[in-house]
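Have a look at the structure below, then the notes.
Here, each number is a calculation from the coordinates, and none is a lab measurement. Here the structure is a predicted model, which is why all the values come from computation and not from measurement. Reconstructed Cβ throughout: ideal geometry from the backbone, glycine too, with neighbour counts over all protein chains shown.
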Amino acid sequence: MTTMTDTNNPPVPERIAKHPNFWRNRKHAEHFRNHDEEFDAAKFGMWLFLTTEVLLFAGIFVAYAVFRMMYPDAWSNGSHYLDWRFGGANTVVLLISSWTAASAVRCAQMNNQKWLKINLIITILCAFIFLWVKLQFEYFVKLGDGKAPGTFFSYPNAHDAHEQLWWSLYYMGTGLHALHVVIGAGLLCWVLVRSIKYQAYGPGEYTMVENSALYWHIVDLIWIFLFPLLYLVH
Amino acid sequence: MSTLDAHASGGHHEEGSYLSGPPGMISRIWQWASTVDHKKIGVMYLVAVLTMFFLGGVAALAVRYELLDPVRTVVTQMEVDGVMTEVVSTTGQRLDPIAKIIGADDANQAYNRLFTLHGAVMVFMFIVPSIPASLGNFFLPIMIGAKDVAFPRLNLLSWYIYVVGSTFGVLSIIMGGVDTGWTFYTPYSTSTDADHIRVVFMVLAAFILGFSSILTGLNFVVTVHKLRAPGMGWFDMPLFIWGLYATSIIQVLATPVIGITLFLLIFERVMHIGIFDPAMGGDPVLYQHFFWFYSHPVVYVMILPGMGIISELLAVHSRKHIFGYRAIAFSSLGIAAVSFLVWGHHIFTAMGELAAILFSGLTFLVAIPTAIKVFNWIATLYKGSIAINTPMLYGLIFLFTFSIGGLTGLPLATLSTDLHLHDSYYVVAHFHYVMMGGTVMAFMGGIHHWWPKMFGKMYNEWGGMLGATIVFIGFNITFFTQFFLGTQGMPRRYANYVDEFQTLHVISTYGSWILLLGFLVHLVTLLHSLIAGEKAPANPWGGLTLEWETESPPIEHNFHHEPVCTHGPYDFDTVVPPHCDPKDYPLPSNPGSH
């Protein structure tokens, strides 16, 4: 991607140029010595937060491993119930969105306002596609069959008594992940709205873009582990 | 450490104390409610956690009150209408009136709910946030020379999350309370009171409070990394900061695990997902592993900041360079690291022999960094000019009670003795010697040490020392007896007992009343200080850390100019403390100043 200078962007309207949220007008918070320090702190904080996300999902993964050892047949049956094509499609969707999220950060660094917005929109669209596939072709169909978590489980053709447990873990893991997809999409929407309204992000001020993208990458990364464990391993 | 001389650089602009605010009650309240100033947030946390300490303390007193006597069935022969009749009655159900109020079936259930309330409130709402969120919030930025924590708004958010979480906990209590124990062990916690929401509320409270804890920890780690004053290297930091740093790392790494555990527990309860339910193939021991993977490290979240405070108190009030600075700093990190490897010792009987042996061995490892600290503190006192005042008294009390608490942990880590001692009052006594004899004593010491700085008022030294002495006596009477009870076989969590235990139980209950008296003396002393206390000088103790350079109470932005770190935090031999007369603080290296 080539560097865009301000001349490549349409001229900044007066209303935005004077707005305190315009990226050129942003000042660092007074308890930081300079902008770089503020940026480093925010990014460091975000990485620590991502650590907590990994540890949050660690509970799901440990439970998966324990029950897989206890009930290998139920777990094998479980993954056979899932269609790898839907999971695979969603994996591709998330990988593409991670790439566009990374590109959005690059565009903000390069002051490419137009492609910053386009990349963000593609990322958010991918989030919706992911959720749509998840709900329309997976959750709704399975819930209709009675493959539901806990007390709602009523699937008559289960081969193994512990498949109920598999479905519980499936819904807990993918449900918690879907919640993170929604939160991530919400963050990216916030970034998009601010860049449309104020051109809030540019070479000197892209903390929020970077941190939202980092969050989006962890959402992607967790799926990269959930997908093979739930769909592919028999 | 010294601030750049304010007067030399042309005087400072007028900036009021952080306590000053706009006139008018409403605008004052709004100013506090919307503040992002770490000092105000620290004070708000102090008020909140002390409120919870009071609530948990009342529950503890009620628990001890029930244990004054065992339940006895008394048969009396009475003459009714000329016929001798046997009248059967019971005594010792002391919580009967409370049982009626909270809707419990009987005094025993009321007892179960009250000890759960005591545990849950004291652990999740008091002791975990106690020191880091109140004193830590107030002093961490000042002691490293920063204007604020790295993320001030997140800091305020974490206070509100704490309030929301505590509200859920209190709501659950008002609805009648839960009797699951603070550990929420399954399947009990998923099956009792099935028609009622209060267990969900209590679990939700702990879940929400976890977020508050994570955000505080995250904020502190980033602040320590990014906002230290120029010239302040890692080993120029006060040891309180090292303690908070190690604490914060545990908070960030352990709390998410309790998050997912309680998340699953709530779903287990409301829709029976079966993960912890043996009837559905789930594993209740898995819950215990998850729970203790957080809750063991978190006992170090409770004690490490206390250890940090003790390092400050002992050095400042004995005017000695802390002995073994690096050893104390690294032992904090060592404790944090080992804390993640020892959770299994809570469930020795629920695992195989080999795993139990490994966990036992790893648990012994904790003793090493802990003992390093205690030895260094004692060496610090050696030949120091010890001032006997409330903070120092609490420092000495800590050394005494915490050492007992630490050493009595070893028989619990030993598999063979633990078989006899586990789930007995011995565990209760050990835990309280570490948590109350450790953390609470350090917290009280820290409150008195920094009180003049926080509120700009001196407290009455005699009142403080009297309170500390009564607390010390009451504490030991309450809990030392419980070591005997435990070794003699009194199980924990029981509302009733056999007659042989009564003497010790009565002594313990009397001790709890002495403790109450001690805390009331402290309350009166501190309230008196707020209302009528003498104005505090900037540096009443002759401390060398940065908080003693700014005014008491500190100005809004902590310092008039960015401080520059020019000496270590404990260089009492070579530096005259800021705002202090060199005559009062003679340096051994400079005999002329005598």
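When only the Cβ of Lys, Arg, Asp and Glu is charged (+1, +1, -1, -1), the dipole of the protein assembly as shown relative to its Cα centre reaches about 1780 debye. Between the range A:177-234 and the range B:166-221, the alpha-carbon centres lie 30 Å apart.
Note on A:169-175: average number of Cβ atoms from other chains within 10 Å of each residue's Cβ is 2. Residue by residue, the range B:281-296 carries 3J(HN,Hα) couplings of x, x, 9, x, 5, 4, 4, 5, 4, 4, 4, 7, 4, 8, 6, 6 Hz when phi is fed to the Karplus relation 6.51 cos²θ - 1.76 cosθ + 1.60 (θ = phi - 60°); x denotes Gly or Pro.
Full extension of the chain between B:ASP105 and B:THR51 yields a length gain of 16.6 nm, computed as 0.36 nm times the residue separation minus the alpha carbon distance.
All C-alpha pair distances within the protein assembly as shown, sorted into 10 Å bins from zero, spread as 2, 12, 20, 23, 19, 14, 7, 2, 1, 0, 0, 0 percent across the bins. Here the translational diffusion coefficient of chain A follows from Stokes-Einstein with Rh set to the Kirkwood radius across Cα pairs; for 37 °C and 0.692 mPa s it amounts to 167 µm²/s. Over the C-alpha atoms of the range B:84-222, the Rg to Rh ratio, Rh being the Kirkwood estimate, stands at 1.17. Take each residue of peptide B:272-284, count the partner chain Cβ atoms within 10 Å of its Cβ, and average: the result is 6. Taking the centroid of alpha carbons for each part, the range B:534-562 and the range B:394-411 are 32 Å apart.
Give the range of the longest stretch in chain A that excludes all trypsin sites (Lys or Arg not before Pro) found in loop regions by DSSP and having at most 15 other beta-carbon atoms within 10 Å. In short, A:34-234. All Cα-Cα distances of the range A:33-149, cut into 10 Å bins from zero to the largest, leave 11, 23, 34, 19, 10, 2 percent in each bin in turn. Relative to the longest principal axis of the Cα atoms of chain B, the long axis of helix B:390-407 makes an angle of roughly 50 degrees. A simple rule links phi to the HN-Hα coupling: the Karplus curve 6.51 cos²θ - 1.76 cosθ + 1.60 with θ = phi - 60°, which for the range B:481-487 gives 4, 6, 4, 5, 3, x, 5 Hz, with x for Gly and Pro. For the range B:336-461, relative contact order (Cα pairs under 8 Å, six or more residues apart, normalised by length) works out to 26 percent.
Using θ = phi - 60° in the Karplus curve 6.51 cos²θ - 1.76 cosθ + 1.60, the 3J(HN,Hα) couplings for the range B:137-143 round to 4, 6, 9, 4, x, 5, 6 Hz; x is entered for Gly and Pro.
In plain terms, the residue of B:ILE101, B:ILE447 with the fewest other Cβ atoms within 10 Å comes first and the most crowded comes last, giving B:ILE101, B:ILE447. Exceedance of the 22 Å cut-off in Cα-Cα distance is limited, within the set B:LYS383/B:LYS583; B:LYS226/B:LYS320; B:LYS147/B:LYS535, to B:LYS226/B:LYS320; B:LYS147/B:LYS535.
When the convex hull of its Cα atoms is viewed from all sides, the range B:63-112 shows a mean projected area of 4.2 nm².
Taking the average, over residues, of other Cβ atoms within 10 Å as the packing measure, peptides B:147-153, B:346-352, A:172-178, B:129-135 rank B:129-135, B:147-153, A:172-178, B:346-352 from highest down.
For peptide A:45-57, the mean count of partner chain Cβ atoms within 10 Å of a residue's Cβ comes to 6. Put in line by how crowded their Cβ is, counting other Cβ atoms within 10 Å and starting with the fewest, B:SER552, B:SER213 read B:SER552, B:SER213.
Tell me whether the range B:269-415 comes out rounded, prolate or oblate; compute the Cα gyration tensor, take square roots of the eigenvalues as a ≥ b ≥ c, and use a/c under 1.5 as the rounded threshold. Judged from the Cα gyration tensor, the range B:269-415 comes out prolate (a/c at least 1.5, a/b above b/c).
Tell me what chain A gives for mean residue ellipticity at 222 nm when only DSSP H runs of n ≥ 4 count, each as -39,500 (n - 2.57), the sum divided by the residue total, rounded to 500 deg cm²/dmol. When only DSSP H runs of four or more count, the value is -23500 deg cm²/dmol. A straight line joining the Cα centroids of the range B:94-153 and the range B:49-74 runs 16 Å. The ranking of B:ARG72, B:ARG493, B:ARG319 by Cβ neighbour count inside 10 Å, starting from the fewest, reads B:ARG72, B:ARG493, B:ARG319.
List the GluC sites (Glu not before Pro) within the range A:1-81 that DSSP assigns to loop and that have no more than 12 neighbouring Cβ atoms inside 10 Å. For GluC sites (Glu not before Pro) across the range A:1-81 that sit outside H, G, I, E and B with at most 12 neighbouring Cβ atoms in 10 Å, the list reads A:GLU30. So if I take the alpha carbon set of chain B, get Rg, then get Rh from the Kirkwood formula, what is the Rg over Rh ratio? Dividing the radius of gyration by the Kirkwood radius yields 1.00. Our helix-only sum for chain B, with -39,500 (n - 2.57) per DSSP H run of n ≥ 4 divided by its residues, gives a mean residue ellipticity at 222 nm of -20000 deg cm²/dmol. For the pair B:VAL87 and B:THR487, label points projected 7 Å from Cα toward Cβ lie 4.4 nm apart. Taking amide H as placed 1.01 Å from N in the peptide plane, B:LYS457 has its amide H under 5 Å from the amide H of B:ALA536, each at least 5 places away in sequence or on another chain. One compactness figure for the range B:459-546 is 1.56, namely its Cα radius of gyration divided by 2.2 N^0.38 Å.
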